[in-house]
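Each remark here refers to the structure printed beneath this line.
The values are calculated or read from the model by the stated rules, or taken from the named source; none is laboratory data. Only a predicted model underlies this, so the values are computations on that prediction, with no experimental measurement involved. Cβ sites come from the backbone with ideal geometry, for glycine too, and all protein chains shown count toward neighbours.
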Amino acid sequence: MGALSARFAMARVRAGDSQIWGNNRHQPGDEAWLVGEWRTSVERKYYLSNLPPRTARRVLAGTIKARWVCKQAHQQLKQELGLDHFEGRS
């Protein structure tokens, strides 16, 4: 397995997720990062992040890619340890 690679575009935006007013429209909410990812497989992904405005772009991209590592670890646990067959109740 080789290194992951992707191109990113990032901008600060205000998502329309605040109170609803006339004509069923939402007021702008808090600022967030809108991140677009273009993978080498021509696949596109989009993310909305609430990390602070001064977050370095490299850190923001690294945080998004860290999700992939967690997902892969979870998948291995399911396959190798049989956690996909485990159902717990508290």
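Points worth noting:
- Taking region 50-73 as the range and being surrounded by 12 or more Cβ atoms within 10 Å (Cβ to Cβ) and hydrophobic (A, V, I, L, M, F, W, C) as the test, the residues that pass are L51, L60, A61, I64.
- The residue of region 13-44 that is modelled with the highest pLDDT, among those that are loosely packed, with under 12 Cβ neighbours inside 10 Å and under 15 Å from the mean Cα position of the chain (by Cα), is R44.
- At least 2 residues being touching a Lys or Arg at 6+ places or on another chain (Cβ under 8 Å), hydroxyl-bearing (S, T, Y) and without any contact (Cβ under 8 Å) to a residue 40 or more places away in the chain is the threshold, and among the strands (runs of 3 or more DSSP E) wholly inside region 1-81 not one reaches it.
- Subset of region 2-50 (residues that are on the phi > 0 side of the Ramachandran plot and not polar (S, T, N, Q)): V42
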